[in-house]
Amino acid sequence: MIESTMFHNKWLKTITSDIEFSDNRSYRRVISVNTILVLTIFTFLFFTVYNILTTRHFIIALLDLTAAVVSLYALYDLQKSKNVNRAAQIATLNLSIFFILFIYTNGSDHFGLIWSIFLPVFAITVNGRHRGLYFSVLFYLLIFYMAYNGIGVWSAGEWTLTDFLRLLFASVILTFVMYINEYALEKSDHKLNKIRKREKTYIQQLQDLAVTDELTTLYNRRHFNELAPKLISLAKRKHLYLTFMVTDVDHFKSYNDHYGHQAGDKALAEVAKIIKHQIQRDDDFVFRLGGDEFAGIALSYNPKRMHEHIDSICKRVEELKIEHAFSSTSDYLTISIGVTTVHPGLEYTVEYLYKSADANLYKAKEMGKNRCYIEQHNA
């Protein structure tokens, strides 16, 4: 069983050249090139031996051997360089030259022309419909020219115009079918990729909705509950200060009661923009915990600058000049902020951070609101 698995893995590695694929079409191309190269190597080697020992056609045996060596080189080059296009072109050119020389020396003896039908199948499959069609057309122009000149000459004169026309129509039809098949695969792959891209976008949107507050576009409480413990672990592991802030809008109930919930929602969205702008580094996170309550988490080696950013939020919110005639603090909408910063050497939890920052928020409100109260816990 183990030996079977090892053989399967080795074969899979060989036919894929150990290449990472970006799409199904690339995967199919690499496997097709590798598989056909392996088959052509064994086929040409078999007929090399067969023509030497049985038919005594030494020239054709030499052609078989040359084609086998070139195919082996193309396989080796693909395994080393991972250049699928080059390997496909080498292999296609090798087969084309082999078939042309084979037909030139063999004519239609023993129906040798049957081998030519493999060229468009291979060329279009591994090179794509456009380049594969160019290879096929050039190949058949030479083959048809030789086949037409062979009428009445090949096979002791048994090669006729009817035989030529059969070859002509069969080759053209097969090439056309391969071209259409490749075109259909291209279109289906393209459509499938568009569907997958659209699905990926939808999934991303659903994931964003799951962690984002719809009104403010900040992270929601659910994401706060998931992310906060991870950020605490990260701060402890990297010996960083963790700054936690909690804030709410001063006299927000009276604002909602007199200006309406629509105005209240608009005000919250504007406040969220200010908070997000002030706390915007990659390792800073802002959340809407619910209603008019917001929270923020920031990691730093020196929290002083972060304290300055947070402290300026109150001023910037008031500078929005959102009228609040029913506030005893200011003529405009204001917020209060409680902040707790913890030294990396201390032990603490999410619950501790929240209670500490909330207590500091209460102190800010006791001091008259529209202000930030910051407390730092050192080791």
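State all residues of the range 121-157 that are farther than 27 Å from Thr35 by Cα, outside any helix (DSSP H, G or I) and touching a residue at least 40 places away in the same chain (Cβ under 8 Å); if no residue qualifies, say none.
Across the range 121-157, the qualifying residues are Gly150, Val153.
If I ask for residues that are open to solvent by 70 Å² or more (accessible area, probe 1.4 Å) and of a type outside the set (Phe, Trp, Tyr), which ones from the range 355-374 would you list?
Residues satisfying the conditions are Lys355, Lys363, Glu366, Met367, Arg371.
It is to be established whether one or more residues within the range 203-219 are under 18 Å from Ala298 (Cα atoms), touching a residue at least 24 places away in the same chain (Cβ under 8 Å), open to solvent by less than 100 Å² (accessible area, probe 1.4 Å) and not β-branched (Val, Ile, Thr).
Yes, because at least one residue in the range 203-219 is under 18 Å from Ala298 (Cα atoms), touching a residue at least 24 places away in the same chain (Cβ under 8 Å), open to solvent by less than 100 Å² (accessible area, probe 1.4 Å) and not β-branched (Val, Ile, Thr).
I'd like the residue in the range 332-354 that is of a type in the set (Val, Ile, Thr), buried (at least 21 other Cβ atoms within 10 Å of the Cβ) and over 18 Å from Pro303 (Cα atoms) and, out of all such residues, is farthest from the chain's Cα centre (by Cα).
Ranking the candidates gives Thr334 first.
Please enumerate the residues belonging to the range 220-247 that are in contact with a Ser or Thr (Cβ under 7 Å, 6 or more places away or on another chain) and open to solvent by 20 Å² or more (accessible area, probe 1.4 Å).
Asn220, Tyr241
Under 8 Å by Cβ, and 6 or more places apart or on different chains, what pairs join a residue from the range 191-202 that is among the acidic types (Asp, Glu) with one that is assigned to a helix (DSSP H, G or I)?
Close Cβ pairs (under 8 Å, with a partner that is assigned to a helix (DSSP H, G or I)) do not exist here.
Go through the range 295-322 and report how many residues are outside any loop (DSSP other than H, G, I, E, B), loosely packed, with under 15 Cβ neighbours inside 10 Å and not basic (Lys, Arg).
Final tally of qualifying residues: 2.
Does the range 245-253 contain at least one residue that is assigned to a helix (DSSP H, G or I) and within 25 Å of Gly291 (Cα to Cα)?
Scanning the range 245-253, I find at least one residue that is assigned to a helix (DSSP H, G or I) and within 25 Å of Gly291 (Cα to Cα), so the answer is yes.
The values are calculated or read from the model by the stated rules, or taken from the named source; none is laboratory data. Values in this document were obtained by computation on a predicted structure and should not be read as measured data. Every residue, glycine among them, receives a Cβ derived from its backbone with ideal geometry; neighbour counts consider all protein chains shown. In case anyone asks, the SASA skips ligands and DNA or RNA and just uses the protein heavy atoms, side chains included. Shrake-Rupley method; radii C 1.70, N 1.55, O 1.52, S 1.80 Å.
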